[in-house]
Amino acid sequence: MAIKNMVQAINEALTQEMERDERILVFGEDVGTNGGVFRVTDGMSDKLGIDRVFDTPLAESGIMGMAMGLALGGYRPVPEIQFSGFTMEAIDGLLGQLARHRYRMGGTEGVPVTVRSTFGGGVGTPELHSDNLEGLFSQSPGIRIVIPSGPYDAKGLLTASIRNNDPVYFLEHLKLYRSIKEEVPEESYEIPLDKAHVVQEGTDITIVTYGAMVHESKKAIESLEKDGISIELIDLRTVAPFDIDTILASVKKTGRVVVVQEAQRLTGVGNQIMAEIAEGAMYELEASIGRVAAPDSHFPFGQAESVWLPNAKTIEEQVRNTMAE
């Protein structure tokens, strides 16, 4: 298998799916001629045609409306919103239309739209370019929120998302685009949606997380294991709906848990995960549920990211505090 970064893995997934199914269309701001602001769709319009990989006006509400219309017309659109903060311009199309359609139709008809967008800190972007909005969108029924933590997962999860008959909001962390490289199969493959990945098994405490925080957690675990602490690490992969069965099984085994998210304490998906753990494993817990999250402020300017974002050190500190209870 070849070693690829996330940009290459996503490009490969999109290309292979478009070669497999002519109904798939990719469109958004600069995705055609320029290959996207991060070159994720580089070369695709030349290979697949400008009628299937094409640029749109700078209008996110129009992009989402066109995706809805194309899906109802029999296509399988994969629109790109350059940065998830810009999704707020298209909130009615995403949550008021796409997410509600199957319910409106009595469960008989979905809209197979996979919306790709970027999010996440650590690369010094301007305001509105790094916001973690997954918690906000996860509170709407009818739409999946998928977040890969590496190239292998990105290709398999995106392929599964595109083949799914309901809307998916596929979030790609900016810091992971080129910083993580892995072996990725050349052939097409799917990773099941709605199923968490137990990255490593342990017996003393569980860490539940997703996205870039998977890698910060791994760094923390390297230090904690030197002191003999056995940690089970769970990568959610799909954050809405999240895989509560895998989480509860792990927590009931270890008796302790820390929920880690990059988003602020009042947003993200951590609060809902903690509530589900409290309801489903209260009597198996040997300590209060630990939490690592960013402060409750707007995402800071690039100069302040290093003191605002959760990291391996803050995760290690919370694990040690939870173990000490």
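Annotations
- Filtering segment 242-300 to residues that are modelled with pLDDT under 95, open to solvent by less than 60 Å² (accessible area, probe 1.4 Å) and hydrophobic (A, V, I, L, M, F, W, C) leaves only Phe299.
- Of all positions in segment 21-37, at least one carries a residue that is out of contact with any helix residue (DSSP H, G or I) (no Cβ under 8 Å at 6 or more places or on another chain) and basic (Lys, Arg).
- Within segment 301-325, the only residue that satisfies the criterion of being in contact with a helix residue (DSSP H, G or I) (Cβ under 9 Å, 6 or more places away or on another chain), open to solvent by 30 Å² or more (accessible area, probe 1.4 Å) and β-branched (Val, Ile, Thr) is Thr314.
- Residues (assigned to a helix (DSSP H, G or I), farther than 19 Å from Ala293 by Cα and not β-branched (Val, Ile, Thr)) located in segment 159-183: Ala160, Ser161, Arg163, Tyr177, Arg178, Ser179
- Residue match in segment 138-145 (condition: more than 16 Å from the chain's Cα centre (by Cα), over 28 Å from Tyr283 (Cβ atoms), among the aliphatic types (A, V, I, L, M) and modelled with pLDDT of 95 or more): no
- Residue within segment 109-126 that is open to solvent by 50 Å² or more (accessible area, probe 1.4 Å) and in contact with a Ser or Thr (Cβ under 6 Å, 6 or more places away or on another chain) present: no
- Hey, Leu70 within 17 Å of Glu22 (Cα to Cα), modelled with pLDDT of 95 or more, in contact with a helix residue (DSSP H, G or I) (Cβ under 7 Å, 6 or more places away or on another chain) and among the hydrophobic types (A, V, I, L, M, F, W, C) or not: no
- Any hit, segment 56-77, residues being touching an Asp or Glu at 6+ places or on another chain (Cβ under 7 Å) and under 22 Å from Leu157 (Cβ atoms): yes
- Hits in segment 161-192 (condition: within 14 Å of Thr118 (Cα to Cα) and open to solvent by 30 Å² or more (accessible area, probe 1.4 Å)): Lys175, Arg178
- Scanning segment 193-220 for residues that are of a type outside the set (D, E, K, R) and either assigned to a loop (DSSP other than H, G, I, E, B) or surrounded by fewer than 23 Cβ atoms within 10 Å (Cβ to Cβ) (or both) turns up Leu193, Ala196, His197, Val198, Val199, Gln200, Gly202, Thr203, Tyr210, Gly211, Ala212, His215.
- Residue, farthest from Asp243 (Cα to Cα), within segment 280-325, restricted to residues that are in a helix (DSSP H, G or I) and in contact with a Leu (Cβ under 7 Å, 6 or more places away or on another chain): Glu316
- Residues of segment 89-118 that turn out to be in contact with a Leu (Cβ under 6 Å, 6 or more places away or on another chain) and touching a residue at least 60 places away in the same chain (Cβ under 8 Å), as a count: 1
- Positions within segment 221-234 being assigned to a helix (DSSP H, G or I) and either open to solvent by less than 20 Å² (accessible area, probe 1.4 Å) or over 22 Å from Ala249 (Cβ atoms) (or both), in sequence order: Ile221, Glu222, Ser223, Leu224
- Within the set Thr238, Thr246, the sole residue that is within 24 Å of Ile191 (Cβ to Cβ) and in contact with a Leu (Cβ under 6 Å, 6 or more places away or on another chain) turns out to be Thr238.
- Here segment 1-35 is the region considered, the condition is being of a type in the set (Gly, Ala, Ser), surrounded by 20 or more Cβ atoms within 10 Å (Cβ to Cβ) and under 23 Å from the mean Cα position of the chain (by Cα), and the residue that is farthest from Gly62 (Cα to Cα) is Ala9.
- Test set (1) in contact with a Phe, Trp or Tyr (Cβ under 7 Å, 6 or more places away or on another chain); (2) at pLDDT 95 or above; (3) farther than 21 Å from Gln272 by Cα - Leu128 fails condition number: (2)
- All positions within segment 36-53 that are surrounded by 15 or more Cβ atoms within 10 Å (Cβ to Cβ) and on the phi < 0 side of the Ramachandran plot: Val37, Phe38, Val40, Thr41, Asp42, Met44, Ser45, Leu48, Arg52, Val53
The values are calculated or read from the model by the stated rules, or taken from the named source; none is laboratory data. Only a predicted model underlies this, so the values are computations on that prediction, with no experimental measurement involved. Cβ: placed from backbone, ideal geometry, glycine included. Neighbour counts: every protein chain shown. Protein only, heavy atoms only, side chains kept; ligands, DNA and RNA dropped before computing areas. Shrake-Rupley method; radii C 1.70, N 1.55, O 1.52, S 1.80 Å.
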